[in-house]
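Q: Input: one structure, supplied below.
The values are calculated or read from the model by the stated rules, or taken from the named source; none is laboratory data. Only a predicted model underlies this, so the values are computations on that prediction, with no experimental measurement involved. Quick reminder, even Gly has a Cβ in these numbers, built from the backbone with ideal geometry, and neighbours come from all protein chains shown.
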Amino acid sequence: MDTVFQGVFSEYTVAEVAFKPSGAEAYVNVDGAGSASEEYERRTVTKAKSNVVVKRIARQAGSGTLTLSLHMPRELYNTLQGMVTGTAGSLATGVSGLKGIMKLPTVEIAMKVEDEDGDVKYKYYPSAVSASFSRSVDSEADEVAEVDMTFNLSADSYGMIMYEALASELPTTGSLTKNTWMTAASSTLMQQSA
């Protein structure tokens, strides 16, 4: 192994993504995603003296975005996008609709990412809400288009926007292990237990 890259984890592929909308009892697993990207916002505070910057400090702004491109089960998609169905009362049976104004549910997102060597990293986003989604149809394309979804990320009650852990560094027993991350991840479990 090249010593320059020793200890480097390069996120290469998203093996699994799981969503847990508010009020749901369990995560819904979606095998893999075509792509995932994260962006975290920062605030920069600058101090100048005689038009010369003498100090610059960067701070987390407490928010970010997660963009996913993936195929997802229709029921989960409808829930995350705030789609209402005929069983909601005013629409005919079998009809789904997207309301013009509606509060969207928050969702917890767990992710399993692998590097080019198959090493695993787990990620957890405790408070996300769908910011936008897009889908497209390209008649007779060689590949079926995925849904592009962007989630706004907010801090949980512990002030954290995102958690991550290498599988090799997680405990092998207890409530939070590599075997439980994708089905049980929560902000509470991410905190050190006494």
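Q: Exactly one of (1) in contact with a Lys or Arg (Cβ under 8 Å, 6 or more places away or on another chain); (2) without any contact (Cβ under 8 Å) to a residue 12 or more places away in the chain; (3) not small (Gly, Ala, Ser) is unmet by Val95. Its number?
A: (1)
Q: Taking segment 163-180, which residues are in a loop (DSSP other than H, G, I, E, B), polar (S, T, N, Q) and within 17 Å of Asp119 (Cβ to Cβ)?
A: Thr172, Thr177, Asn179
Q: Considering segment 105-162 alone, what residues qualify as being exposed (fewer than 14 other Cβ atoms within 10 Å of the Cβ) and either part of a strand (DSSP E or B) or at pLDDT 85 or above (or both)?
A: Ser132, Ser134, Ser157, Tyr158, Gly159
Q: Filter segment 46-77 for residues that are within 23 Å of Glu146 (Cβ to Cβ) and touching a Leu at 6+ places or on another chain (Cβ under 9 Å) and give the result.
A: Gly64, Thr65, Leu66, Met72
Q: Further, regarding this structure: Got at least one residue in segment 83-101 being out of contact with any strand residue (DSSP E or B) (no Cβ under 9 Å at 6 or more places or on another chain), of a type in the set (D, E, K, R) and not in a strand (DSSP E or B)?
A: No, there is no match, as no residue in segment 83-101 is out of contact with any strand residue (DSSP E or B) (no Cβ under 9 Å at 6 or more places or on another chain), of a type in the set (D, E, K, R) and not in a strand (DSSP E or B).
Q: Select from segment 98-112 the residues that are closer than 22 Å to Ala24 by Cα and free of Cβ contacts under 8 Å to residues at least 40 places away in the same chain and list them in ascending order.
A: Filtering segment 98-112 down to residues closer than 22 Å to Ala24 by Cα leaves 98-99, 102-112.
Listed by number, the residues that qualify are Leu98, Lys99, Met102, Lys103, Leu104.
The rows are residues; the columns are (1) within 17 Å of the chain's Cα centre (by Cα); (2) closer than 19 Å to Ser136 by Cα; (3) part of a strand (DSSP E or B).
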{"residue": "Ala24", "(1), (2), (3)": "yes, no, no"}
{"residue": "Glu39", "(1), (2), (3)": "yes, no, yes"}
{"residue": "Ala61", "(1), (2), (3)": "no, no, yes"}
{"residue": "Leu66", "(1), (2), (3)": "yes, no, yes"}
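Q: Six or more apart or on different chains, Cβ under 6 Å: which pairs go from a residue in segment 126-151 that's closer than 19 Å to Ile101 by Cβ to one that's part of a loop (DSSP other than H, G, I, E, B) and modelled with pLDDT of 75 or more? Could you list them?
A: Listed pairs, sorted by first residue: Val129/Leu104; Ser130/Leu104.
Q: Given the conditions (1) polar (S, T, N, Q); (2) under 26 Å from Lys103 (Cβ atoms); (3) in contact (Cβ under 8 Å) with a residue 24 or more places away in the chain, report the number of the one that Asn78 does not fulfil.
A: (3)
Q: The conditions are (1) closer than 17 Å to Val30 by Cα; (2) touching a Phe, Trp or Tyr at 6+ places or on another chain (Cβ under 6 Å), and Asp115 fails exactly one of them. Which is it?
A: Asp115 satisfies all of (1) closer than 17 Å to Val30 by Cα; (2) touching a Phe, Trp or Tyr at 6+ places or on another chain (Cβ under 6 Å) except (1).
Q: Also: Restricting the search to segment 124-159, which residues are basic (Lys, Arg) and touching a Phe, Trp or Tyr at 6+ places or on another chain (Cβ under 7 Å)? Step through it out loud before you land on a result.
A: So the first thing to find is which residues in segment 124-159 are basic (Lys, Arg), and the list is 135.
Answer for segment 124-159, where residues must be basic (Lys, Arg) and touching a Phe, Trp or Tyr at 6+ places or on another chain (Cβ under 7 Å): there is none.
Q: Suppose we filter segment 146-171 for residues that are among the small types (Gly, Ala, Ser) and under 17 Å from Val14 (Cβ atoms); how many remain? Outline the logic, then answer.
A: From segment 146-171, those among the small types (Gly, Ala, Ser) are 154-155, 157, 159, 165, 167-168; that's our starting set.
Right, trim to under 17 Å from Val14 (Cβ atoms) and you get 165, 167.
So the count comes out to 2.
Q: For segment 106-141, enumerate the residues that are out of contact with any strand residue (DSSP E or B) (no Cβ under 9 Å at 6 or more places or on another chain) and farther than 18 Å from Tyr77 by Cα.
A: Residues of segment 106-141 out of contact with any strand residue (DSSP E or B) (no Cβ under 9 Å at 6 or more places or on another chain): 117-118, 137-141.
Residues satisfying the conditions are Asp117, Gly118, Asp138, Ser139, Glu140, Ala141.
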